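Report on the following structure.
The values are calculated or read from the model by the stated rules, or taken from the named source; none is laboratory data. Predicted model only: the values in this text are computed from it and were never measured. FYI the Cβ positions are ideal-geometry reconstructions off the backbone, even for glycines, and counts take in every protein chain you see.
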Amino acid sequence: MQSRQIGPRALTGDNGPDKRPASGRLMTNAGYAARYGEDWVFETAGRFSALAAARGHHPVSLAVAWVAAHPDITAPIIGARDLTQLQPSLDALEIDMTPEFRAELSALGRTPPPATDRLEEML
């Protein structure tokens, strides 16, 4: 799993093989749906949420810690709208993201082709 392969909300714990959004960009934007609406994305999100639960972490905390540990990422961008949403992102600071743990998380999903200029999302 690479940091840019899954849609922004996929690793919140709200998505999985049997949990798909009823509204939002995934449902209304063909380009976004083409990039992030494939079955494997939801399967990966489900595996990620299960691993987070097994390790005692909120999926958002684990996702932010995983992104922050990526060698090419300067800082993760978080999108909290209130303090309740912000707290799991801040809790990422408490996760010991060892190289082995990061590799375990990265192995949960496949690596898609890199997004170039994301023009496909503007369709």
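Miscellaneous remarks
- Taken together, the criteria exclude D14 from residues that are modelled with pLDDT of 70 or more and either surrounded by fewer than 16 Cβ atoms within 10 Å (Cβ to Cβ) or of a type in the set (F, W, Y) (or both).
- Counted residues, the stretch 27-45 - those being in a loop (DSSP other than H, G, I, E, B) and over 25 Å from H58 (Cα atoms): 1
- Selection of the stretch 50-71 for residues being in contact (Cβ under 8 Å) with a residue 60 or more places away in the chain and part of a loop (DSSP other than H, G, I, E, B) yields only H70.
- Test for P114: is it on the phi < 0 side of the Ramachandran plot, at pLDDT 80 or above, loosely packed, with under 15 Cβ neighbours inside 10 Å and not aliphatic (A, V, I, L, M): no
- Among residues of the stretch 76-95 being within 24 Å of G46 (Cβ to Cβ) and not in a helix (DSSP H, G or I), the one that is modelled with the highest pLDDT is I95.
- Test: residue in the stretch 52-75 that is surrounded by fewer than 17 Cβ atoms within 10 Å (Cβ to Cβ), under 21 Å from P21 (Cβ atoms) and modelled with pLDDT of 90 or more: yes
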